[in-house]
Structure formats: C-alpha cells, structure tokens
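The values are calculated or read from the model by the stated rules, or taken from the named source; none is laboratory data. No experiment lies behind these values; they were computed from the predicted model shown. Note that each Cβ is placed from the backbone with ideal geometry, even for glycine, and that neighbours are counted across all protein chains shown.
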Amino acid sequence: MKTGSLVNARQGWLPASGRWLQHLLWEAPCQGWFLLTLIIINLLGSVYGYYWYREQLASTPLIWWPFTPDSPLATTLFALALLLALSRRGNNFLQLLAAMAVIKYGLWAMVVISDYWLAGARVTAVEAGLWLSHLGMAAEGYLFLRHWRATPWQLALVALWLAINDYVDYGLGWHPYLFMPGQENLAQIAAVGLSLALILYLAGAIKMAAPAGKVEGRNE
C-alpha cells in the first residue's frame, strides 16, 4: 500500500473535526486567519515577556539587550516572519531564524521550569502558564519550519547567531535570570545542546530535500 493510501486510511478513522485540525496544523498552516491569530498571540506574549524581563534589562548594558530577553525576542521575530508570510513577502532567512529561536527557547524554558518543579518548588499558575506558553512556542516553530525553505548559507548564519547568543549568555554571563540558584549548568547544557540539535536536524532536512529536486526544503 502506498504512503498516501496509508495516510488516507488513518484519516478515515478521524472525525471531521480531527481531519480539519490535522490539515490545518500539519499540512496547511499558512492560512490567513491562522497566521493572523498567531501574530496577535505572539505579539501579546512578546509584550508580557519584555515586561517579565524589565528588571534584568534595567540592570543590563544596552549593548547586550539583543541577547537578554531570549523568549520575547524570539516571539517578536516569529510574529514578524508570520506577518511577512501573511503579506506574501516572506523572507526565508527571517523565517528560519524565527522558527529556530522559538523552538530553542520554548524547549529551553520548559527544561528550566521543569527542573525548578522537580527540585520541590510549588507549581503556581504563573510558572504553569509560562511552561504551557513555551510549549506553544516550540510547537508553532516546528509546524512552520516544516514548510519554510532553508538553504545551507542561511543555516550557517542562523548557527552563527545561535553560537554567539549562547556565548554571550553563558560565556559572558548575560543569560536570562533563572528560577533558582544552581541552575546555571543545566541552563547552559540545555541551550548549547538545543542549538546543536536544531542545527543538525535542519542540516539533515536540507540534505534529504536536495536529491529530490526541491529548493532546499519545502514551502507551501
């Protein structure tokens, strides 16, 4: 049985609402109303994120501001990438950078918050909301990364940006405030590990797409 037939067979077991959701999220997320909804959500999240970082930014030299509020900066870039996609003026490099950033910092925050809870901290509505919102960041980044083109030179630039960001955060010490003392090693390992994993994943995706005659990826 062909792959398409298997997919259709599986879809036959789904109710109509499930098939619609699968089509939206997995096959065609670049629909205008969905892009607009995510733009609004990401912009609102960015505003709250910058507010969350207000005290750290006040004590951070201006030159390091672009490397300090990692999550809100990532969602700001992602909102901009979606806005350009909505206006059909998508920038492939910005899309790649934004998708990689929301995936990385979404997962990174989930690791740090989970470690905080496992150490015995009480689960509050604030931390739970942060955990879920960062899960959403990682999910939206992956959904769109599957459909956005990537070229080797764009991947190289994004890899350079990730490396510089990790160096500033943990080499120079301007990483985001953590939830408790003693998380520095975990935060650094998670950040660097996620950077490497994302770079290797996308490099593999580009390599697999090229022999099939695609333009270094897929754009729907």
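Checking R88 against (1) surrounded by fewer than 17 Cβ atoms within 10 Å (Cβ to Cβ); (2) over 28 Å from L35 (Cα atoms), only one condition comes out false. Which one?
Unmet condition: (2).
Identify, from the list L196, L118, L132, the residue that is closer than 27 Å to I63 by Cα, among the hydrophobic types (A, V, I, L, M, F, W, C), out of contact with any helix residue (DSSP H, G or I) (no Cβ under 8 Å at 6 or more places or on another chain) and modelled with pLDDT of 95 or more.
Values: L118 fails: closer than 27 Å to I63 by Cα; L132 fails: closer than 27 Å to I63 by Cα.
Exactly one residue qualifies, and that residue is L196.
Out of all the residues in region 165-188, which are surrounded by 13 or more Cβ atoms within 10 Å (Cβ to Cβ), over 17 Å from the mean Cα position of the chain (by Cα) and part of a helix (DSSP H, G or I)?
Selection gives Y167, V168, D169, Y170, L186, Q188.
Write out, first by first residue and then by second, each pair whose Cβ atoms fall under 8 Å of each other, whose residues are 6+ apart or on separate chains, and whose first residue, in region 135-153, is among the basic types (K, R) and at pLDDT below 95 while the second is part of a loop (DSSP other than H, G, I, E, B) and surrounded by 18 or more Cβ atoms within 10 Å (Cβ to Cβ).
Qualifying pairs under 8 Å: R149/E216; R149/G217.
So which residues in region 78-109 are of a type outside the set (F, W, Y), touching a residue at least 24 places away in the same chain (Cβ under 8 Å) and either assigned to a loop (DSSP other than H, G, I, E, B) or farther than 22 Å from I206 by Cα (or both), if there are any at all?
A79, L83, L86, G90, G106, L107, A109
Please determine, by comparing only the residues of region 32-77 that are of a type in the set (S, T, N, Q) and out of contact with any helix residue (DSSP H, G or I) (no Cβ under 7 Å at 6 or more places or on another chain), which one is surrounded by the fewest Cβ atoms within 10 Å (Cβ to Cβ).
Restricting attention to region 32-77, the residues satisfying the condition of being of a type in the set (S, T, N, Q) are 37, 42, 46, 56, 59-60, 68, 71, 75-76.
Next cut, out of contact with any helix residue (DSSP H, G or I) (no Cβ under 7 Å at 6 or more places or on another chain) only: 37, 56, 59-60.
Details: T37: 12, Q56: 15, S59: 7, T60: 15.
Filtering region 32-77 for residues that are of a type in the set (S, T, N, Q) and out of contact with any helix residue (DSSP H, G or I) (no Cβ under 7 Å at 6 or more places or on another chain), the one surrounded by the fewest Cβ atoms within 10 Å (Cβ to Cβ) comes out as S59.
Considering only residues that are assigned to a loop (DSSP other than H, G, I, E, B) and either free of Cβ contacts under 8 Å to residues at least 12 places away in the same chain or touching a Phe, Trp or Tyr at 6+ places or on another chain (Cβ under 7 Å) (or both), which ones fall in region 17-46? Write out each step before concluding.
First, pick out the residues of region 17-46 that are assigned to a loop (DSSP other than H, G, I, E, B): 28-31.
Within region 17-46, P29, Q31 qualify.
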